[in-house]
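The values are calculated or read from the model by the stated rules, or taken from the named source; none is laboratory data. For clarity, every value in this text was computed on a predicted model and none was experimentally measured. With ideal geometry, Cβ positions are generated from the backbone for all residues, glycine too; neighbour counts draw on all protein chains shown.
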Amino acid sequence: MREPPARTTRRNRIVVLLILLAAALAALKIDHRVWPMELFAQAVAEHFQRPNIAWKTASPAAEGMSARALDAMRRELARHGTSALLVVRGGRLVYEWYPLRIGPNQRHYTAALAKAVIGSMALLAALTEGRLRLDDPAWKYIPRWKNDPVRSRIRIRDLAFHTSGLADVD
C-alpha cells in the first residue's frame, strides 16, 4: 500500500486537530451566537481559570527532546507572530516562551478556534484507532442520512474538509 503524500497527511492531522478543538468548545454548552463577544470571552475565561497552577518542569534533554530544535521552532513561530509556545511532555513543562508584553497569565481570545482543534483531535484519534475512515459514508454514523439523496453521498472526508456542500445551519 502506498503512503499518502506528506502534505496530505499533514493536512489530515490539521483537520483532525481543528475538529477536536470544535468539540471541546461545544462541551462548554455556551451559545456564542446570542452573547456579545465580550461576555462570551469572560464566560470562557472564568470556566477555565485555574489560578496558581505550578507545572512540574523538566529539561528538554530529560524528556528526550532537543533544546536546540525547540529554540529553532520558537524562532520560526515568533517570525509568524505566535504569542506563546509551551511544550509539555510526560506531564512536565519542558519549554516555555512568550514574546514581550505577553506572559503566562495573559488571556487570549480564541473565539471558535478551540472547537476546530478539539474536533480535529477527536477525528484523528478515531482514525488512528480505526473506528472510522475518511472515506466512510457519513450516514454510517448518522443513519437518518442514509435515504437522503444529497446527504447519503457525503463522506467523513467531506465533513472534515468542509466540502460536504451543506449550509452552516444543516
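Okay, here's what the table says:
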| quantity | calculated |
| --- | --- |
| Pairs with Cβ under 7 Å, 6+ apart, first in the range 62-87 and modelled with pLDDT under 90, second surrounded by fewer than 12 Cβ atoms within 10 Å (Cβ to Cβ) | Ser83/His108 |
| Failed criterion for Arg151 (all others in (1) closer than 17 Å to Val16 by Cβ; (2) free of Cβ contacts under 8 Å to residues at least 24 places away in the same chain; (3) among the basic types (Lys, Arg) hold) | (1) |
| Identity of the residue in the range 63-91, in a loop (DSSP other than H, G, I, E, B) and small (Gly, Ala, Ser), that ends up surrounded by the fewest Cβ atoms within 10 Å (Cβ to Cβ) | Gly81 |
| One residue from Gly130, Gly119, Gly90 being of a type outside the set (Val, Ile, Thr) and under 18 Å from the mean Cα position of the chain (by Cα) | Gly119 |
| Hits in the range 102-148 - residues which are without any contact (Cβ under 8 Å) to a residue 24 or more places away in the chain, surrounded by 12 or more Cβ atoms within 10 Å (Cβ to Cβ) and touching a strand residue (DSSP E or B) at 6+ places or on another chain (Cβ under 7 Å) | Asp136, Pro137 |
| Flag if Arg144 is of a type outside the set (Ser, Thr, Tyr), modelled with pLDDT of 85 or more, more than 29 Å from Ser66 (Cα to Cα) and part of a helix (DSSP H, G or I) | yes |
| Residue in the range 140-149 that is over 30 Å from Ala61 (Cα atoms) and touching a Lys or Arg at 6+ places or on another chain (Cβ under 6 Å) present | yes |
